[in-house]
Amino acid sequence: MTAPHDEQEKYRQLTKEYELAADRLRSARSAQVTYLVILVSGFSLAALLAYSVVVGLWESKPVLTRYVGLIALLVLCITFGNLLIKNRRRIVEFDLDVRNLSHDRQSAATRIPSDSIESLRLYREASQDIISQFRARATRNLRTHNSIQAVIIIGSIAASTTTAIMAGSHPLSWISTGLTALVSITAGMAAYFKFRERGYNLQSTADEIEKNYNAAQFHIDEYGEIEDEDDRLRLFARNVERLREEQRKRELQLEQSPGHKEER
């Protein structure tokens, strides 16, 4: 018969492998986005440069740099297109590894007695992963919010400046129109998705879970009144689940439109 300690060790090992595979998958997906952005940008520049070459054939003899630049951009596009295809295959492989390891980890977790103190200790340590995930999502949302605010501020200043400079029937007056539209769209996205509120809620929940983790670890606050470790860990699990449920409710509230809230 397999000892509970061996099952816990196997679960921890599978969890480690799962996290490494998930990190590889995230890196591959980030690289895929980067390749795609470079590829689209390269094709756009190649199209503009090709247009300048064609216009140059009619107006003046094109210089050598135009041809060299066009060829370099095409080589760049082909290279990153090839990387995009290869990386897509890697994403499929990494995704399969993550799914298999997730299944193995879940199977290993079922072999650990749910009513044992070992499972409660595992839950306590697993809460560190929950804290890291919430804080990573909070950082991502707050970074997105700050980026959007920067676009709104810079775009508003640039739009008003270009409007003043290109007053009247200036041939490039469409630039100010485009900047104004960009600012309006960005402001609408910020108001709809509420990145700042999402990031604040996630960060607050992560801080509360960490506070409970430290309190349970060092026997302080409400955990200091409980001598039995099993009861203390069960209280910790109840508090963490309550905080996660409150976080899910806040996320659902942010997803609802104001009109929907009034109807309810």
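Only the coordinates and a few stated rules stand behind these numbers; no lab work does. Since the model is a prediction, treat every value here as computed from it, not as a measurement. Note: ideal-geometry Cβ built from the backbone for every residue, glycine included; neighbour counts use all protein chains shown.
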Sort Leu120, Leu96, Leu83 so the one with the fewest other Cβ atoms within 10 Å of its own Cβ comes first. Leu96, Leu83, Leu120
Neighbour-count ranking [beta-carbon atoms within 10 angstrom, fewest first] of Tyr11, Tyr192: Tyr192, Tyr11
Would you kindly state how much longer the chain becomes between Phe218 and Asp95 on full extension, computed as 0.36 nm times their sequence separation minus their alpha carbon distance, in nm to one decimal? 40.4 nm
Which ordering of Asp228, Asp95 is given by a fewest-first count of other beta-carbon atoms within 10 Å? Asp228, Asp95
